[in-house]
1. Given the rule -39500 (n - 2.57) for each run of at least 4 DSSP H residues, summed and divided by the residues of the chain, what is its mean residue ellipticity at 222 nm, to the nearest 500 deg cm²/dmol?
2. What translational diffusion coefficient, to the nearest whole µm²/s, does segment 1-127 have by Stokes-Einstein, given a Kirkwood radius computed over alpha-carbon pairs, a temperature of 10 °C and 1.306 mPa s viscosity?
3. If I stretch the segment between Arg167 and Arg209 completely, what's the gain in nm (0.36 nm per residue apart, minus their alpha carbon distance), one decimal?
4. For segment 166-315, compute Rh as the Kirkwood radius over C-alpha pairs and then the Stokes-Einstein diffusion coefficient at 37 °C and 0.692 mPa s; write the answer in µm²/s, rounded to an integer.
5. For the chain: lysine pairs with Cα atoms under 27 Å, gap of 8 or more or different chains, count?
6. I'm a student and want to see the number: the projected area of the Cα convex hull of the chain, averaged over all directions, in nm².
7. Quick one: if you stick a label point 7 Å off each Cα along the C-beta vector at Thr81 and Arg36, how many nm between them?
8. Carbon and sulfur atoms: what percent of the 1.4 Å accessible area of segment 58-352 do they account for?
Amino acid sequence: MKLLRAPKLLTGRPDEVLLDAEVLVDGELIKGVGVRGSQDADGAELVELEGCTLMPGMVDAHVHLGFDRNVDPLTKKSTETDSHLLLRMAENARKLLSAGVTTARDLGGRDFLEVELRDAIEAGLAVGPHLVVATRPITNTGGHCWYMGGEADDAESIRRVARENLRAGADCLKVMATGGTMTPVGPPTWHAQFGPGQIRVAVEEAAMRGKLVAAHAHGTAGIKNATEAGVRTIEHCSFAVEGAPTPFARELDMDVVASIAERGVYVCPTLNSAAWHLDERYGPGTFDNLVDRLAKMRAAGVKLIAGTDCGFAIRGVENRMDAYVRGLELFAAAGWDNASVIEAATTLAAQAIGLGEVTGSLDAGKRADLIAVRGDPLAHLADLHNLELVMVSGRCVTQSQVDTAGSSVWLP
Ligand SMILES: [Zn+2]
């Protein structure tokens, strides 16, 4: 057993703060949480975290471990071997963890390598967050991210790809409800790739095995289709309209926003370090438009969660694996108070990906996924950069002295 003590503790739920607190960890699980002296900790190893805040490990609801700025998704398929890519993914997972992310949902890659990596991490062969993996996104033939191998055009082929993914070990399914920006010859962002009935096939296949569906959706029509189909999360949720020069809207469709809120669908707006440079890439006003849309969705009662889409650059701007906190700072820029940002990064994100009972908050019985940061992120969100300790399932995995290449290049 380990007893972690710190002057401040956040449970992950807003307004739940303990002063002079301790967490008792027994094996992989949290045994108890309370104020100093409250835990029956005879024989436990004591870890004093002076000047620190203890809080749940953070959740990145949208990553692509199989990509970084040195992987061209369209051409590397034929050249980078799976074994080389798997090593790259392991290093990307370590980087993600080094930012305090103890659980991540991978929403698309090739050859089911995410399943291998997930299992290797659980077995202790690699260092990384717990992974929830979608494997091949379901998309149209030649559609958004077709090169990941999940092409399907009608209900029967959607069912087939869904079942193959689940057979291979997928924890969730990903449906490309619209076009996207990473597929040059694919459909535009505002184009709806599937109708609600087709997306519902994937939702049913997932539900049969107790699993959830994430829908990539930029365009308003695709967002509406995914919402009606009963997906758990909508990714990006950009409200792009036909003919728009960028994947971003100028105006939200408030009827669609209201139905997202009413059905309790979570939205992952994929806020990341690269999004701070939107104006440079898409023109002045794009960043303000994003911030405005986020604030309006939140005011309408939509549950927004943290997720970075890391792996994929935004028009050439690197979206770093270890820059998770920069994405959180964007929520703050959109008006969230720090407690709500932390909720979006912990309890809410864990609920959204189906792990609300397992992780995302500091409670007895939950997985001992936690971090300690120097300072107080409730007062200064940037203190989330100052990691003192990262624990995954009760194992300390802080690796402050490990420094590998920024991003390795594949030389065939
Ligand atoms: Zn993505």
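The values are calculated or read from the model by the stated rules, or taken from the named source; none is laboratory data. Predicted model only: the values in this text are computed from it and were never measured. Don't worry about glycine lacking a Cβ; one is built from the backbone with ideal geometry, like all the others, and counts go over all protein chains shown. Heavy atoms of the whole protein, side chains included, go into the accessibility calculation; ligands, DNA and RNA do not. Shrake-Rupley method; radii C 1.70, N 1.55, O 1.52, S 1.80 Å.
1. After summing the helix terms and dividing by the residues of the chain, the value is -8500 deg cm²/dmol.
2. Answer from the Stokes-Einstein relation: 93 µm²/s.
3. Full extension of this stretch gives 14.1 nm more.
4. D = 211 µm²/s.
5. 25
6. It is 18.6 nm².
7. 5.6
8. On the way: 5100 of 10080 Å².
For segment 58-352, the apolar C and S fraction of the accessible surface comes to 51 percent.
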